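The values are calculated or read from the model by the stated rules, or taken from the named source; none is laboratory data. Model, not experiment: these values are computed from the prediction. Note that each Cβ is placed from the backbone with ideal geometry, even for glycine, and that neighbours are counted across all protein chains shown. Heavy atoms of the whole protein, side chains included, go into the accessibility calculation; ligands, DNA and RNA do not. Shrake-Rupley method; radii C 1.70, N 1.55, O 1.52, S 1.80 Å.
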Amino acid sequence: MEKIWIPSYPPGVPAEIDYTRYRSLVQLMDEAFTQYASRKAYSCMGKFMTYAEVDTLSKQLGAWLQSQGLARGARVALMMPNVLQYPIALAAVLRSGYVVVNVNPLYTPRELEHTSGAESIIILENFAHTLEKVISRTSVKTVVLASMGEMLGTAKGLLVNFVVRNVKKMVPDFSLPQAVKFNTALREGASLRFQQASLGHDDIAFLQYTGGTTGLSKGAMLSHRNVIANLLQNEAWLQPAMDKPPKVESLVFVCALPLYHIFALTVCCLMGTRVGGMNILIPNPRDIPGLVKELGKHRFNMLPAVNTLYNALLNNPDFAKLDFSHLKLCNGGGMAVQRAVNDRWRAVTGKSIIEGYGLSETAPVATANPADSDEFTGTIGLPLPSTDIAILDDAGNELPLGEAGEIAIRGPQVMEGYWEKPEETARVMTREGYFRSGDIGIMDEHGYVSIVDRKKDMVIVSGFNVYPNEVEGIVAMHPGVLECAVVGVPDEHTGEAVKLFVVKRDPSLSADQIIEFCNGQLTAYKRPKQIEFRSELPKTNVGKILRRELRDAMA
C-alpha cells in the first residue's frame, strides 16, 4: 500500500527504523547499564537508584530466581505498583531468560487466578492476601515478597513500613509461609552465580494481559523484537521534541502511570533505559496533592498520562505553580484526549498534549501526532515509522480514504499472538499480517487517523479496558438477577464509567446489593457506577441483547 502519511512526518523522522541493531532487550539493557552507570535511573519516595545499582541488584535477583530451578522461558509475574523493586525485578526476569507477566495489583482473587499462569511471582505485601486465596489453584511455586519501605534505606524503610502496616492498615493479614522477602532474595543471590541468558528477536519478553470478549483475559505475547521495535519507533518519533531547547544531559520522565500497563512500561521505563533518563516513580497517582508535591522537587521533561490524570492535575491549585521551563513533551494515550483538557493544559504548561494510539497487542504505540507540534488535531495522528495502517471493511477489504472501517495495524511491534489461544489469534490477524484492532476509524488524505466508534463494546475507564462480557458474567451470578447488560457512559472524572442495566429475578433486589456483590469480584474500575433496573432489555431476533440500543436510548 502507498504510505501517504510519510510526507506529513516532521523533518528528521525516518520512514523506517532498524530494530536489528539489538538482538534482545537484554542487550539493550546491558548497553544502558554500562553507558549510563553513574546516572540516576529511578527516583521513588526520595530515594534514588543509579543504573549501576539496577545492574547489580537485577543480577542478584536473577541469580536467586535461577537457583529456584526455573527453566528458560518460565513465566514470572510482577504484581507491584511503581516502586523501586519493579525495575529491578523487570531486568532480573528478562536477563535470566524468563518471561515477564505483568499483573494489575488491584486484581481480585478471581482475576488473578485467570491471568497469571506463572511459576513464580514477585508481589508487594499489600496484595499478598489476594494471592493467598488462589495460590493453590495456580502454577506458582515461588513467591518473593516486597514491601513499600525495604529499598528506601534502613531508618526510612522501617518508618515507611510501620506507617503502611500499622497506621494506614494497607497490608491485610495473609499467610504465605513459602514466601521469601525481596531483600533476602537479593542477599542470597549476591553469593550465587548469575548466568545471563542468550536471547533473540523471537523469544517472548512479556505476556501483557488484555481483556477478552469471552470475559477472560488474553495474554498478548510480545517478543523482544516487538518491544525493541516500538522503543526505536517511539525514539525516532519523539526526537524532534527532544531536540528543542533547553538541552538536557539526562531526560527526566514522570512515571505516574502504572508500570504494569503497557503504555508506561514502554514509554517510561524501557524508553528511559534506552536513553539513560531518570524515571520519577509515583506509587499512588490518585494522590494528586502528593503527586504535585513530588513534581515540585524535579525539573521534569516528559509527562506521559491519560486524559483523566491531566484533568486531575489541572484541577489542583498548586499544579500551576510548578516550573514547566524544562517540559519537552506530554504524551496522551490510553483514552481519548479531550480538546478542552488540552487547551487548559497548554495554557498552564505551554505544551499541547500529543495524542497517540495503540494497544497491548502493538507494544503499544501504532500512531501518534507529531511530537514537535503545538496543534491539537483531535486525531490519533500518523502511523509510526515501519508501521502500516489500513482501514478495512468486515470482509477484510481496504476502504477508500475518508470511509469508516476497522483500524488494522501491521508492523514489527505487532504481537506474536495470544498465549495458548490460537483461535483468538486467528480471529484478529489477517493473512496479510494486519492486526484488527476492533476500533472503527477513518484516514484522511494526509494519513491522519481518527477514531469514530468502537466495534467492540469495550468501555475505557481512566485508560483501562473494561469488557462488558466480564462484568455481565459476574452480575449474572447474583441469584436476584435475571438479565443484565453493560455499556459505557460519559464520566467527567474517568472519561467513561460502567453503567449496568438489570432485569430483576427477585423483586426485592437493590442497587446496593449488586454493588456489594461486585466489590468482591471486580477491580474498582470495572465495577458499575450507575445501575438502572428495567422490566426487559432490547434483543435481536435470536435473543442477543442489543447494547447499542441501550446506548442510543441515553443519547
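Full-extension gain between ASP512 and ALA553, please, as 0.36 nm times their residue separation minus the C-alpha to C-alpha distance.
Details: separation 41, 0.36 × 41 = 14.76 nm, distance 2.43 nm.
That pair, ASP512 and ALA553, stretches by 12.3 nm at full extension.
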Considering every Cα-Cα pair within the stretch 278-419, what fraction, in whole percent, is farther apart than 20 Å?
54 percent
Between GLU532 and GLU432, 0.36 nm times their residue separation minus their Cα-Cα distance comes to what?
31.6 nm
³J(HN,Hα) computed for each position of the stretch 467-473 - Karplus, 6.51 cos²θ - 1.76 cosθ + 1.60, integer Hz, glycine/proline x:
9, x, 4, 5, 5, 4, x
Assuming R0 = 51 Å, what is the FRET efficiency of LEU399 and LYS297, from their Cβ-Cβ distance, to the nearest 0.05?
0.55
For the stretch 144-150, take each phi angle, set θ = phi - 60°, evaluate the Karplus expression 6.51 cos²θ - 1.76 cosθ + 1.60, and give the result in whole Hz per residue in order, putting x for glycine and proline.
10, 10, 9, 10, 4, x, 5
So if I take the alpha carbon set of the stretch 166-288, get Rg, then get Rh from the Kirkwood formula, what is the Rg over Rh ratio?
1.03
Global form of the stretch 284-340, assessed from the alpha-carbon gyration tensor, a/c cut-off 1.5:
oblate
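Label the chain by shape, choosing from rounded, prolate and oblate, from the square roots a ≥ b ≥ c of the eigenvalues of the Cα gyration tensor; if a/c is under 1.5 it is rounded, and otherwise prolate applies when a/b is larger than b/c, oblate when it is not.
Values: a/c = 1.39, a/b = 1.10, b/c = 1.26.
It comes out rounded by the Cα gyration axes.
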Low-density loop positions, GluC sites (Glu not before Pro), the stretch 445-545 - DSSP coil, at most 15 other Cβ in 10 Å
GLU445, GLU492, GLU536
For ARG187 and ASP202, extending 7 Å from Cα along the Cα-Cβ vector and measuring point to point gives, in nm, a value of 4.4 nm
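Given all pairs of different Cα atoms, what value in angstroms does the Kirkwood hydrodynamic radius of the stretch 370-482 take?
Values: mean 1/r = 0.0617 Å⁻¹.
The answer is 16.2 Å.
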Calculated from backbone phi, Karplus (6.51, -1.76, 1.60) coupling profile of the stretch 315-326 in Hz, x at Gly/Pro
7, 8, x, 8, 4, 5, 7, 6, 8, 9, 5, 9
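What fraction of the DSSP beta bridges in the stretch 144-253 is antiparallel, stated in percent and rounded to the nearest 5?
Numbers: 6 of 8 bridges.
Percent antiparallel among DSSP bridges in the stretch 144-253 is about 75.
Quick one: grab the alpha carbon gyration tensor of the stretch 464-546, order the square roots of its eigenvalues as a ≥ b ≥ c, and give me rounded if a/c is under 1.5, else prolate or oblate depending on whether a/b is larger than b/c.
Values: a/c = 1.70, a/b = 1.22, b/c = 1.40.
Oblate.
Hey, with R₀ at 41 Å, roughly what FRET efficiency would PHE162 and LEU482 work out to, going by the Cβ-Cβ distance, to 0.05?
Details: r = 50 Å, r/R0 = 1.21.
In this case the efficiency is close to 0.25.
For the pair LYS141 and MET170, what calculated FRET efficiency results from E = 1/(1 + (r/R0)^6), where r is the Cβ-Cβ distance and R0 = 25 Å, to the nearest 0.05?
My answer for the efficiency is 0.40.
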Would you mind calculating the relative contact order of the chain from Cα pairs under 8 angstrom and at least 6 residues apart, reporting the percent as a whole number?
13 percent
Of the heavy-atom accessible surface of the stretch 288-406 (probe 1.4 angstrom), what whole percent is carbon and sulfur?
47 percent
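In Å², and per residue, what accessible area does the chain have when probed at 1.4 Å with the other protein chains present? Walk me through the numbers before you get to the answer.
Numbers: 22450 Å² over 555 residues.
Ligands and nucleic acids excluded, the result is 40 Å² per residue.
Just to confirm the filter: which GluC sites (Glu not before Pro) across the stretch 269-376 are DSSP coil and have at most 13 other Cβ within 10 angstrom of their Cβ? Don't skip to the end; give the middle numbers.
Working: sites: GLU294, GLU355, GLU361, GLU375; in loops: GLU375.
Of the GluC sites (Glu not before Pro), the ones in loops of the stretch 269-376 whose Cβ has at most 13 other Cβ atoms within 10 Å are GLU375.
Which percent, nearest 5, of DSSP beta bridges in the chain are antiparallel?
Working: 48 of 81 bridges.
Antiparallel bridges make up about 60 percent of those DSSP assigns within the chain.
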Go through TYR51, GLN35, ALA89 and say which Cα lies farthest out towards the positive end of the charge dipole of the stretch 1-103; charges sit on Cβ, +1 for Lys and Arg, -1 for Asp and Glu.
ALA89
Give me, ordered by chain and number, the residues 5 or more places off GLY358 or on other chains with an amide H under 5 Å from its own placed amide H.
GLY334, ALA366
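Counting other Cβ atoms within 10 Å, which trypsin sites (Lys or Arg not before Pro) in the stretch 356-441 have at most 13 and lie in a DSSP loop? Intermediate results must be reported in sequence, preceding the final value.
Working: sites: ARG410, ARG427, ARG431, ARG436; in loops: ARG431.
Passing both the DSSP loop test and the Cβ count: ARG431.
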Take the alpha-carbon centre of the stretch 1-32, take the same for the stretch 255-330, and report the distance between them in whole Å.
25 Å
Return P(r) of the stretch 90-180 (all Cα-Cα pairs; 5 Å bins starting at 0; whole %; ordered from short to long distances).
3, 13, 22, 24, 18, 13, 7, 1
